[in-house]
Structures are given as C-alpha cells and as structure tokens.
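Notes follow the structure.
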Amino acid sequence: MPQVKERTSKKKSSLDKLPGGLQSFLTQVAGIGVFTGKFFKQVWVPPYEINETMRQAYRTGYRSLLLVSISGFIIGLVMTLQTKPTMQEFGAEAWIPSMISISIIREIGPVLTALICAGKVGSGFGAELGSMKVTEQIDAMTVSGTNPFKYIVVTRVLATSIMVPLLVFYADGIGLVGSFVGMNLGGDVSPTLFISQAMAPVSFTDIIPATVKSIFFGFAIGIVGCYKGYNSQGGTVGVGNAANSAVVVASLLIFVIDLMAVQVKQLFL
C-alpha cells in the first residue's frame, strides 16, 4: 500500500508540473474526444429522433439566415469594388467575376458561413443546454426514461452538419449577387455575361471539397456547442461561460479543419 501511494503521488506531481493553460487545453481536447465518441455510438442506436432533428435543422437555418444573407452580399460587393480599380489598370476587368466566384466558393463562403453559425448557433447550443443542466432538466429526462444525450445532443449535431453546407451554398449565391451589383456600379454587365464568366472556371474539384469541409464545420459547431452546454457547471455564470467558450473553441476548430482540408486537397486533387 505505501508503494501504491508513492506511485500515485509521483503521477500527480508530474501532472501538476504542467502549466495550468496546458492542463486545461488537454482536458478540453480529451473531453471533446470522448464526447464525440459517445455521439458516434448513440447516432446508430434507435429510436431515431427524426422530428426533433428536423426541428433543430429549421432553427439552425432560421437563426443564421439573415446574417448569412447580409454578410454574403456585402462580402461579394466589397471584394468586387476593391478589386475592380486594380484589374481595370491592367485591362483585366473581365476576369473579376471568375476570380470572385473562385474565392467565394473555395474559401470565403464556407469559412464565413461557419463562423457566423459558430457565433449564432454554437453559442445558442451552449447557453440552451447549459440552462437545461443548471435547472436539472437533463436529470429529469433521465429519470423519465428518455435518453437525454440522444434527444438533445445527437439531434443538434446532425442538424448543424446538414444545415451548414446548405447555408454555404446559399451564401455563395448571395455573394455572387453582391459581386454582380458591384460590377454594375459604374458599368454595365448583363446577368447572362456575368454568370457565364463567373461559372466558367468553377469545377467539381472546387465544389466537392468545399462541401465536404462545410459538413465538418457544421459537425464541429454542433459537437462543441453541445459539449460546452452539456458539461457546464457553476450555475448561471457557468451558462454564460459555456456559451462564450463554445464560440471560441468552435471558431478555432473551423480554422484548423480548413487548414487540414487545404492540405488534403493538395495531396489528392
């Protein structure tokens, strides 16, 4: 027994030597990993909460639609207005639609939409599930015989994984509309000519990787928001912390996934 106590004390002392920030980071990574593994176990187990998943998907899209519309339009408009003078100097104004469409479809549309959803949806999940945890609604569901993880977490993660790619397609279209408006400020470009120039360089090697990483963006937003809310502690203060940290961690994961997606695309495409 004394030897066992000495070993455990040595292990604790070695862990305590790590900086506090590193300990917290490793704990968060391990917790999210275990939470993700539990999701993949539960997602295949009946009953399948299809109605709740559709309801959460509608809420996810509805929450983000206005911001996605405004942001996508402004991004397309501003990029065109900023690029137009430089391209006119080189006599390459006809290349603006294709350049804007490639930029939006490949990178700006998915990342911008995911960050908006992380702010609106991820924080909402963290606050909602955190309040349910504080008010013991999750415990009440367990007592009543309902699987709270299945009903609360799985449905929300599936909803974000489905809706974020759809919002990305919508944001791409709105961004191109903004670019078209920018081209016609001080110019005269027909819709047919603009569409033909914008879509000419776009191929499936641009659309498919963007769609795949958008699915991962949605999954990361849902899993982080639910993890933070499901494991929140400290009463009402913990609810606020869960919402804030869900946005920060989800946004960081979006950039990490985007970097990994670029590297994978360069290897295989």
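The values are calculated or read from the model by the stated rules, or taken from the named source; none is laboratory data. All values derive from a computational prediction rather than experimental measurement. FYI the Cβ positions are ideal-geometry reconstructions off the backbone, even for glycines, and counts take in every protein chain you see. Side chains included, ligands, DNA and RNA excluded: accessible areas come from the protein's heavy atoms. Shrake-Rupley method; radii C 1.70, N 1.55, O 1.52, S 1.80 Å.
Observations, loosely collected:
- Of the set (1) under 29 Å from residue 41 (Cα atoms); (2) within 15 Å of the chain's Cα centre (by Cα), all apply to residue 141 but (2).
- Flag for residue 237 being open to solvent by 10 Å² or more (accessible area, probe 1.4 Å), at pLDDT 90 or above and in a helix (DSSP H, G or I): no
- Selection status of residue 162, at pLDDT 90 or above and open to solvent by 40 Å² or more (accessible area, probe 1.4 Å): yes
- Residue match in the stretch 54-65 (condition: over 25 Å from residue 146 (Cα atoms) and open to solvent by less than 40 Å² (accessible area, probe 1.4 Å)): yes
- Checked against the criterion of being farther than 28 Å from residue 175 by Cβ and β-branched (Val, Ile, Thr), the candidates 60, 86, 80, 53 yield just one match: 53.
- Qualifying residues in the stretch 121-159 (those that are among the polar types (S, T, N, Q) and open to solvent by 10 Å² or more (accessible area, probe 1.4 Å)) - the one nearest to residue 57 (Cα to Cα): 123
- Some residue of the stretch 190-212 being of a type in the set (D, E, K, R), modelled with pLDDT of 90 or more and surrounded by 14 or more Cβ atoms within 10 Å (Cβ to Cβ): no
- Which listed residue, of 70, 75, is touching a residue at least 60 places away in the same chain (Cβ under 8 Å) and open to solvent by 20 Å² or more (accessible area, probe 1.4 Å): 75
- Hey, residue 263 open to solvent by 80 Å² or more (accessible area, probe 1.4 Å), under 29 Å from residue 101 (Cβ atoms) and in a helix (DSSP H, G or I) or not: yes
- Checklist (1) over 26 Å from the mean Cα position of the chain (by Cα); (2) acidic (Asp, Glu); (3) under 30 Å from residue 160 (Cβ atoms) applied to residue 89, failing item: (3)
- Listed conditions (1) modelled with pLDDT of 95 or more; (2) in contact with a Pro (Cβ under 6 Å, 6 or more places away or on another chain); (3) of a type in the set (A, V, I, L, M, F, W, C) are all met by residue 219, apart from (2).
- Boolean, residue 164 is hydrophobic (A, V, I, L, M, F, W, C) and outside any helix (DSSP H, G or I): no
- Some residue of the stretch 79-102 being out of contact with any strand residue (DSSP E or B) (no Cβ under 8 Å at 6 or more places or on another chain), open to solvent by less than 60 Å² (accessible area, probe 1.4 Å) and either within 24 Å of residue 250 (Cβ to Cβ) or acidic (Asp, Glu) (or both): no
- When the stretch 130-156 is filtered for residues that are at pLDDT below 90 and of a type in the set (A, V, I, L, M), the ones remaining, listed by number, are 132, 134, 138, 140, 141, 143.
- One residue from 188, 172 being assigned to a helix (DSSP H, G or I) and either in contact with a strand residue (DSSP E or B) (Cβ under 6 Å, 6 or more places away or on another chain) or among the charged types (D, E, K, R) (or both): 172
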